[in-house]
1. May I ask you to compute the full-extension gain from VAL136 to ALA57, defined as 0.36 nm times their residue separation minus their alpha-carbon distance, rounded to one decimal in nm?
2. So if I restrict to the alpha-carbon atoms in the range 82-208, what is the Rg, and what is Dmax, the biggest pairwise distance, in Å?
3. I'd like the FRET efficiency for GLU192 and LEU120, computed as 1/(1 + (r/R0)^6) with the beta carbon distance as r and R0 of 30 Å, rounded to 0.05.
4. Ignoring ligands, DNA and RNA, what percent of the accessible area of the chain is carbon or sulfur (1.4 Å)?
5. To the nearest 500 deg cm²/dmol, what mean residue ellipticity at 222 nm is calculated for the chain from DSSP H runs of n ≥ 4 alone, each contributing -39,500 (n - 2.57), summed and divided by the residues?
6. Report the residues of the range 166-205 in range of a label on PHE148: point 7 Å along Cα→C-beta, backbone N strictly under 15 Å from it.
7. Rolling a 1.4 Å sphere over the protein heavy atoms, what is the accessible area per residue of the chain, to the nearest Å²?
8. Below 9 angstrom from the Cβ of ILE107, what's the summed charge of the other residues (Lys, Arg +1; Asp, Glu -1)?
Amino acid sequence: ADSQGNLIEWNSAAEHISGLKRSDVIGQPLWEIIFCMLPKEQKTSVLREALTAQWNAVIKSKYTNDLDQMSEMEIETPQGMRRIVQTNGFAIETTQGTQAGAIMRDITERKQAEAELRKLSQAVKQSANAIVITDVEGNIEFANPKFFEVSGYSLPEALGQNPRILRSGEHGSEFYKTLWNTIKSGRVWRGELHNRRKDGRLYWEDSTITPV
């Protein structure tokens, strides 16, 4: 945008993300275009004023293109498609004066993936089954609350430990050798384990161990 905040460039990526054609936005105030991109329920006169003030501040304070000015917002295209974008406003010093620039990135897929990971994480944490994740050496990197309940070990006591801390001595070395050979070959091991809690009590466990 020029020194008055009116758009002088709107590239093809901006067209694709926003659904707004270059010919429709050139010459319009940048903050008005951003306001136009917001979903209907977010459009208020207060927000319009805030956007105007924000972009005026960008020009006057001569922000550089840095991560401190990044923000995320939801937009809605004229076609009704909603996207989450990351924006970064900054000032550009030119022979015509201070102009405003904005970088807009479509992060919709990343945000959706993050939401799926959070959902998966919650499902694992709240599972009624004990779940343990180890590194390639078999040392515990993660365990859910059910594991601590069943084994009697706390999080600090279990992290970094090998699941052999649960061994009861009821299974011979050949049993564990077969188990690990199965996993290291990329196959899933299923079977019953007679394990020992931290307090010494024994318990049977129906186990599925999967290489990831």
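The values are calculated or read from the model by the stated rules, or taken from the named source; none is laboratory data. The shown structure was predicted, so the numbers you read here are calculated from the model rather than taken from an experiment. Here the Cβ positions follow ideal geometry from the backbone for every residue, glycine too, while neighbour counts run over all protein chains shown. When the accessible area is computed, the model is the full protein with side chains, heavy atoms only, and any ligands, DNA or RNA have been set aside. Shrake-Rupley method; radii C 1.70, N 1.55, O 1.52, S 1.80 Å.
1. On the way: separation 79, 0.36 × 79 = 28.44 nm, distance 5.17 nm.
Between VAL136 and ALA57, full extension yields 23.3 nm more.
2. 24.2, 82
3. Numbers: r = 27 Å, r/R0 = 0.90.
Working from the Cβ atoms, E equals 0.65.
4. Working: 6930 of 13330 Å².
It is 52 percent, rounded to a whole number.
5. Numbers: 8 runs with 77 residues, N = 212.
The per-residue figure over the chain is -10500 deg cm²/dmol.
6. Those under the cut-off are 198.
7. Numbers: 13330 Å² over 212 residues.
Solvent-accessible surface per residue comes out at 63 Å².
8. On the way: positive: ARG83, ARG105, ARG110, LYS111; negative: GLU72, ASP106, GLU109.
Here the charged neighbours net out to +1.
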